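See structure below.
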Amino acid sequence: MNATIDRTGATHLVRAEGAPCPTLVIDADRLPAGDAELLEGLAGIRDGLDPATRRTVLKNAVVRPSAHPLFDLDYYFVQSLPGGRGRFETRGSCGHSILAAVEAAARDGMIPPLEPGRRVRVNVVNNGDHVVCEVDETGPDRTRFTAHFLCTPARPVGDLLVTGEPVTHVRLDGRRIPVSLVDMGNPYVFVGAGDLGVRDTRELFTAGDELFGLLGRVRLAVCAQMGWDSSGAFPKIATLLPGSDGELAVRAVSVPSWHPTLALTGAICLGTAVGIEGTVPFSLARAAGHEPGLVRLLTPGGPLRARARITGPADAPRLGWVSVADKYVSYERTVAPPVGAYGLPSPSRSEDTSCLSLPL
């Protein structure tokens with residue numbers, strides 16, 4: 001499957017609506033094999049971008065047609081970090097960038113053209129996630145998706161709790177703050193905004209540097225307590241308040257500022273956490289009047305909907321899948337890196353990809 005393809009090898013800029021920036025999508029054949037070599041090649045590609053694009057586009061997706069019979073696309077996410085050339089984070093994933101990669105891969109000929117009802121199966125090389133991107137609507141420059149993050153087989157929900165407990169207390173400024181550490185899609189720290197002195201949704205969404213800095217300090221305290229490296233992008237952190245009519249108001253930190261909405265993986269992780277009894281999101285959702293099923297989230301950029309499928313007996317629940325609907329992706333443009341920027345020729349238009357490998 002996908003052994004012989006006809007593709008352009010171009011590099012694309014694609015924006016998923018709600019993401020803090022577009023994603024730079026690169027054909028894996030344009031980069032050398034090996035983790036360090038691939039990242040140096042990516043740095044070379046980014047050197048060829050105009051300064052404004054290089055400064056603002058911090059998400060990179062390296063993709064190829066998958067040789068595995070259960071997948072259509074292999075996807076490797078690289079987050080550019082502020083602070084200098086070649087500072088990258090590869091330990092996590094990005095749901096918005098997955099959708100951007102699917103849009104670019106279809107335009108590039110790696111996978112069949114997108115049409116309503118088509119499902120593109122993505123293997124996330126970074127962390128082994130299996131994501132199905134279902135096409136709901138297509139247009140000349142925009143596609144609407146539902147993203148399904150699958151657990152095959154279904155995972156015990158206890159395995160998604162980083163500490164094995166629904167709530168962990170972290171020490172900050174002489175007090176203990178309850179947080180939930182959940183890992184689905186990406187690892188997240190969830191903290192109640194009320195525990196940070198925020199009184200209502202308006203205050204949450206208009207808060208500036210003071211709350212941003214406080215969330216950063218909570219994240220650093222968690223990393224110190226857990227013995228984690230805090231210099232990268234993960235774990236991410238989000239703060240929550242009960243809304244009205246069962247909604248949860250949520251605000252999250254991105255790289256290097258507030259997220260305009262909520263990362264797709266954040267919606268996936270939060271939708272999961274709401275279904276795990278005793279977590280901070282579970283308790284706040286119940287306070288908002290949430291009933292099991294569809295989770296309605298309110299972000300500064302608008303609403304989101306997530307649905308988690310948790311099955312099994314009450315004493316041994318398992319997560320089957322989590323879905324987020326109505327995610328729009330817009331194609332922006334093709335980027336043409338300068339010849340020789342990363343030392344590799346363009347791939348041929350028809351070639352065997354069965355032996356290609358991405359790092360990890």
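The values are calculated or read from the model by the stated rules, or taken from the named source; none is laboratory data. These numbers come from a predicted model, not from an experiment. As a convention, Cβ positions derive from the backbone with ideal geometry for all residues, glycine included, and neighbour counts pool all protein chains shown. Areas reflect the complete protein model, heavy atoms only, side chains present, ligands, DNA and RNA absent. Shrake-Rupley method; radii C 1.70, N 1.55, O 1.52, S 1.80 Å.
Tabulated values for the structure
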{"quantity": "Complete set of residues in region 274-289 that are open to solvent by less than 40 Å² (accessible area, probe 1.4 Å) and under 8 Å from P242 (Cβ atoms)", "calculated": "L284, A285, A288"}
{"quantity": "Conditions (1) crowded, with 19+ Cβ neighbours inside 10 Å; (2) closer than 27 Å to M184 by Cα; number of the one not met by P69", "calculated": "(1)"}
{"quantity": "Those residues of region 66-90 which are within 17 Å of A28 (Cα to Cα), of a type in the set (A, V, I, L, M, F, W, C) and either modelled with pLDDT under 95 or assigned to a loop (DSSP other than H, G, I, E, B) (or both), in sequence order", "calculated": "A67, F71"}
{"quantity": "In region 179-198, residue farthest from L13 (Cα to Cα) [restricted to those that are in contact (Cβ under 8 Å) with a residue 24 or more places away in the chain and open to solvent by 30 Å² or more (accessible area, probe 1.4 Å)]", "calculated": "G194"}
{"quantity": "Flag for T261 being assigned to a loop (DSSP other than H, G, I, E, B) and surrounded by 23 or more Cβ atoms within 10 Å (Cβ to Cβ)", "calculated": "yes"}
{"quantity": "Condition broken by V132, with the remaining ones in (1) of a type in the set (V, I, T); (2) more than 15 Å from D35 (Cα to Cα); (3) crowded, with 24+ Cβ neighbours inside 10 Å satisfied", "calculated": "(3)"}
{"quantity": "Number of the exception - E115 against (1) within 21 Å of D183 (Cα to Cα); (2) outside any strand (DSSP E or B)", "calculated": "(1)"}
{"quantity": "Set T239, T163, T152: member being assigned to a strand (DSSP E or B), surrounded by fewer than 16 Cβ atoms within 10 Å (Cβ to Cβ) and among the β-branched types (V, I, T)", "calculated": "T152"}
{"quantity": "Residue in region 13-27 that is open to solvent by 10 Å² or more (accessible area, probe 1.4 Å) and more than 25 Å from T261 (Cβ to Cβ) present", "calculated": "no"}
